Each structure stands twice: as structure tokens, then as C-alpha cells.
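For reference, the structure discussed in these notes is given below.
The values are calculated or read from the model by the stated rules, or taken from the named source; none is laboratory data. If you're wondering where the values come from, they're calculated on a predicted model, not measured in any experiment. Cβ atoms come from the backbone with ideal geometry, glycine included; neighbour counts cover every protein chain shown. Remember, those area values only see protein heavy atoms, side chains included, never the ligands or the DNA or RNA. Shrake-Rupley method; radii C 1.70, N 1.55, O 1.52, S 1.80 Å.
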Protein chains: 2
Amino acid sequence: MTTEHAGSGNVHRSMELLWDLCERPSRGPKPGLTLETIVTAAVEIADAEGLEALSMRRVATHLGVGTMSLYRYIPGKSELLDLMLDHVLEMPDGVPDMSHLGWREFLERTAREQWQLCMSHPWYPFVDQARPLLGPNGLETVEYVFRHLRPMGLSDQEMAVVITSLSNFVESTARVYINEKQAEERTGISNDEFWAAQAPALDEAMKSGQFPVMADLAGDTWGFTSETVFEFGLQRFLDGLESFLARRSSADHEH
Amino acid sequence: MTTEHAGSGNVHRSMELLWDLCERPSRGPKPGLTLETIVTAAVEIADAEGLEALSMRRVATHLGVGTMSLYRYIPGKSELLDLMLDHVLEMPDGVPDMSHLGWREFLERTAREQWQLCMSHPWYPFVDQARPLLGPNGLETVEYVFRHLRPMGLSDQEMAVVITSLSNFVESTARVYINEKQAEERTGISNDEFWAAQAPALDEAMKSGQFPVMADLAGDTWGFTSETVFEFGLQRFLDGLESFLARRSSADHEH
DNA sequence: CCCATTTTGCGTACAACGCACGCAATAAAT
DNA sequence: ATTTATTGCGTGCGTTGTACGCAAAATGGG
């Protein structure tokens, strides 16, 4: 129905699971599942069918177990989501060495990596992470970003604001891109059919004389994709950041 | 559960309702509701309780009618959403005259208006508008934005990309802001309690030596809100746009 | 070796969701 | 007066997360 929220469940319990702080009990039947198996299955289902298709029943069916068996390993769906979010940040090849890059190239690289993360896991940008849980992968990611931005000369808070601004833009544009791509599959109506369905009413509106600028717009006005928006917005933001740093630098030299 | 999508229902029917293209039938009992009443009620409920609380049953209860009575006026919930989205774009005081503003002041003003729209209707930035239906209010908004940006000298498509880039950033930052504000109410846990719950695991991680930069971050690194991010990102984008136009202008003079 | 305890597996049942179906009442057209 | 069309709306469908509680498996202690 609406947004899934990170950090909505039992935060303490989620952290225990994220950082693997629980000891295996010695009694009872040997478990047939692992937490890793459940999280991996959940990510696969979300990747393939979308977050709205992800249900405890769906994960259980995928794994060939009863729905309530999952609740032996995790308190609930909220905590499963927390684990999924950290899981997808894992860097299989380890942390790449980018110490040779300037801040601009590094931020551009980071933005593209985030974009790729959203392409690989199209549900990811739709999760509310206002209250993020910091697992090992998430912490590693933030560590590596801050390490590479240190040479910019910004305060820690300024760096955090830069990262958050850029991250917000990338995530939003990725969301629109994903929504655009999935709209045809989800509705069964092509993009052309969609706009054709609006044409009768819009033609009348254009003829009314109330919207002269709209009526006069070039045919290719909307003929771009979110990838165009991503590239344009990214370069404008980085250009603006260069101006900001240049002004900061010349102000420093004045003292 | 997940995102609500504009343009998901019967597009043709939504357009008829948006542009009021249906004639009132002459037979049968006089209707006790109007489309306007239903849409206004739905917007009020979404404003007060969030989009996840918006259901046909909820709207019907609010209006004191049976759930299925609503289906006499609109095909379904998807079309109701389309009407809501156009409804909230209505400018009560008409289109403001901003012909005296330069493009930068105008874009800044537009960004702030969009921010305010998201504050007044906190559910708005959470709706997928990859397939927007253009109603009278929506069309009027786009008409007025393009009219004021014409003097920038950009192509129609370039203007559209600028507007979309900025709009994506504002919406995304507004989402985070709204999620941040609502998190405490939604979970019953304050922000301090939330971070305190993570502290034991994070303290261990800091002690491990694996995250030296994170361990060394200033205490106020994350002590900012989405309003800070909004202001910073907005100015950087507009600065970047100025550079873009300056380069465009100097390239033009070279020919 | 036996019993108690703990853990794993998982079925049942709960309320709310959107909306197809179809009936009763209202009101205009013939 | 009858027919036709519209409005109002109850019923019933499958899906959702998870509390509750029982059966089976496996270990610890006596």
C-alpha cells in the first residue's frame, strides 16, 4: 500500500542479527534454515517480482517451508527488510581502491555505483531509510566514502550534506526510471497507448487557447529518459560543488 | 505495502473525470454525493492520516455512505488517486505573476513551492508519477513554469530536463524530511532512542579498528535535517546551471 | 537410560483490503 | 401506468502479517 520503512521493527534485535551477535543454542532439533538463506531468498524475490510481491508466505514457499518457520529466525518482516538492505550493500570484490581519483571523479563514481545498485535491486530506492540500521556492509560503505572525500577540505558535516544531497537526487531519479520501465509491465498498457488515451482531452485543452506555451512546445520536449536527467543533474550538482569549493578556497586565501 | 501509481486505472475514464467531460444523466434518484466531495474527503484523509490509511472504506465512512456508493462516481481507487493528484495542484489565488523574476529566482521559487506542496500534502511525494495524468491544474502548472523559463534560451527539451532534475531532487529530499518527521509517531520510538538502540553494536564496531574514519567523525556530522540538504542541494544545482548557461553563452559568442 | 527442558516446524485464526455481483429504491421517459 | 436507467449499498472473494499453541526433535542433567 505504501512505503516500507527501515528501522521499524525491533532495532535491538535487528542489530543483533546484522552483526551476528547471537550464539547458536545447543538444544532442540537442528535448524533446517539459516538467516543468510532467508535473506538471500527475500532479496531474490524482491529483485524478480518487486517489493509488493515480497511476503512472508512468499519467502516460505520459495524455501519450501511453512510461513511460521521463518519467525524462528527473525522477529518479523520489518527486521527481514533491515537485513535485506545491508545485504545488498555487500561488495563482493571488497572495497575498491580509488585513492587515485579526485573528489569529483570519486563522487561521480559513487553516484554511478548507487545508480547500479538501484538497477540491480529495483526495490531498493523505494524503501524509507530515514532511520537506517547500520550493518557491517552499510558501515563499510560509509567508511569508504568519507575516507575518499576527506581531501576535499570540508567539515565532516559538510561532507555528510554533500553525500546526502547527491544520494537523494540519484535515488529519486532511479525511482522514476524504474517506475517508467515497470509501468508497461504493471499496467499492460504501452507508453504510446497511455499518452494516446489522454490525447482527446488534451487536444481539446490545447484548442481552448488556455495553454499557449504548452500548445507550442516542440514534439521532442518530453523525449528523454531518466538516464538523461541523471546525467544532467549529476553534472550540474558537481559543477555547483566546484563553484562552492572555489569560493571557499578564495575566501580562505583572503584571510 | 508499496508505491501507489498514478495512471494505473482507466486512463480514459480518469481524463473524463479530470476535465469534467461527463454529462449528468437525467434519470434515477438525485445523487447525494459529488465527485468533488469525494476527492476533497480523500485528500483530507491522506493529509491527516497518510496514504496508507486511505481506503475506499475509510472515505465512505468519512462521508457517511456505503463503500460501494463511491463506485457510482469513480471506477476505482486508482482513478481517485489521479483526481487527488490534480486536485492538490490547484492554485487558490490563481497563477502568480512572476514575470519580474530572473530564471534563477523563478526556479528557486518553484522549488520552494514544490517543497510547500509536499509539506501540505505529505503523501504527495510518495506517489509514482512516471505516468502522470494531465488535468487542468497540472497542465496550468506546467504551462506557467515553461512560460517563465522561456527567456533562459534553452530548448524545450532542455527546459524539461532542468525542471525534472530539480523536481526529482526536491521530491526526494521532501520524502526523507517527511519520513524523518513521521518516524517517531509511526514507531513510538524517539530519534535518540532509535540511535541508542544501535549504540552497543556500533560501539563494538568502532572499537574493532575496522572503521577508523567513522570512529573519528565529529559529533555533529549527522546533526542536520533535510531542510539543510534541500537548501544546499538547491543552491549547488542552480550554481551548476549558471555555469552551464555561461558556457553555452560563451560558446554561442564564439561563432 | 530416562525425564525435563528447550528449540524447531508450522497449522489455525484474526481483521482489513479493493471491488464484482446483484438487488432494492428512486425518478425520468414513454 | 409501465419501462428504463441511475443511485445506494450489502455480500463475498483471496491475500496480508503474525499471536497462539501443539507436535516433534535433540540436548542436558540426574
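Below are the figures for this structure:
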{"item": "Relative packing of peptides B:184-193, A:46-55, B:127-136, A:27-36 - highest average C-beta neighbours within 10 Å first", "result": "B:127-136, A:46-55, B:184-193, A:27-36"}
{"item": "14 Å reach of a label modelled at A:Thr225, 7 Å along Cα-to-Cβ, counting backbone N of the range A:98-119", "result": "A:116, A:119"}
{"item": "Cα centroid separation - the range B:85-118 against the range B:119-135, whole Å", "result": "16"}
{"item": "Cα pair count fraction exceeding 26 Å, expressed as % - the range A:1-128", "result": "31"}
{"item": "Environment charge at A:Ala41 (Cβ cut-off 14 Å; Lys +1, Arg +1, Asp -1, Glu -1)", "result": "-1"}
{"item": "Label distances, nm, A:Ser69 versus same residue in remaining copies, Cβ-directed 7 Å point", "result": "5.0"}
{"item": "Net charge, B:Arg13 excluded, C-beta distance under 12 Å - Lys, Arg +1, Asp, Glu -1", "result": "-3"}
{"item": "Rough spin-label spacing in nm, given labels placed 7 Å along Cα→Cβ, for B:Glu16 and B:Gln182", "result": "3.3"}
{"item": "Kirkwood Rh and Cα Rg combined as Rg over Rh, evaluated for the range A:103-253", "result": "1.10"}
{"item": "Separation between Cα centres of the range A:45-80 and the range A:228-254, rounded to whole Å", "result": "44"}
{"item": "Computed log₁₀ I(q)/I(0) - Debye formula, equal Cα scatterers, no solvent, the range B:64-112, q 0.15 Å⁻¹", "result": "-0.62"}
{"item": "In nm, spacing of pseudo-spin labels at A:Val95 and B:Glu193 (7 Å Cα→C-beta vector)", "result": "3.4"}
{"item": "Cβ-placed point charges (K, R +1; D, E -1), dipole of chain A about Cα centre in debye, nearest 20", "result": "940"}
{"item": "Normalised contact order of the range B:4-87, rounded percent, pairs of Cα under 8 Å and 6 or more residues apart", "result": "46"}
{"item": "Relative contact order computed over the range B:42-84 (Cα-Cα under 8 Å; 6+ residues apart), in percent", "result": "30"}
{"item": "Ascending list, in nanometres, of distances separating the A:Thr225 label from those of the other copies (7 Å, Cα toward Cβ)", "result": "3.8"}
{"item": "With every protein chain in place, chain A: carbon and sulfur % of accessible area (1.4 Å)", "result": "50"}
{"item": "5 angstrom amide H check on B:Val127, placed H, neighbours 5+ away", "result": "none"}
{"item": "Percentage relative contact order, chain B, counting C-alpha pairs under 8 Å, at least six apart", "result": "23"}
{"item": "For B:Met119, label point 7 Å along C-beta direction: distances to other copies, nm", "result": "3.7"}
{"item": "Among A:Ile163, A:Pro122, A:Gly209 the positive-end extreme of the charge dipole of the range A:103-253 (Cβ point charges)", "result": "A:Ile163"}
{"item": "Rh (Kirkwood; distinct C-alpha pairs) - the protein assembly as shown, Å", "result": "25.1"}
{"item": "Distance in nm between pseudo-label sites at B:Met119 and A:Leu33 (7 Å out along the Cβ direction from Cα)", "result": "4.5"}
{"item": "Sum of -39500 (n - 2.57) over DSSP H runs of 4+, divided by residues of the protein assembly as shown (222 nm, nearest 500)", "result": "-20000 deg cm²/dmol"}
{"item": "Between the range A:155-216 and the range B:147-211, the Cα center-to-center distance that results, in Å", "result": "19"}
{"item": "Isotropically averaged projected area of chain B, using the convex hull of Cα atoms (one quarter of hull area), nm²", "result": "20.3"}
{"item": "Surface per residue (accessible, 1.4 Å probe) for the range B:158-202, Å²", "result": "40"}
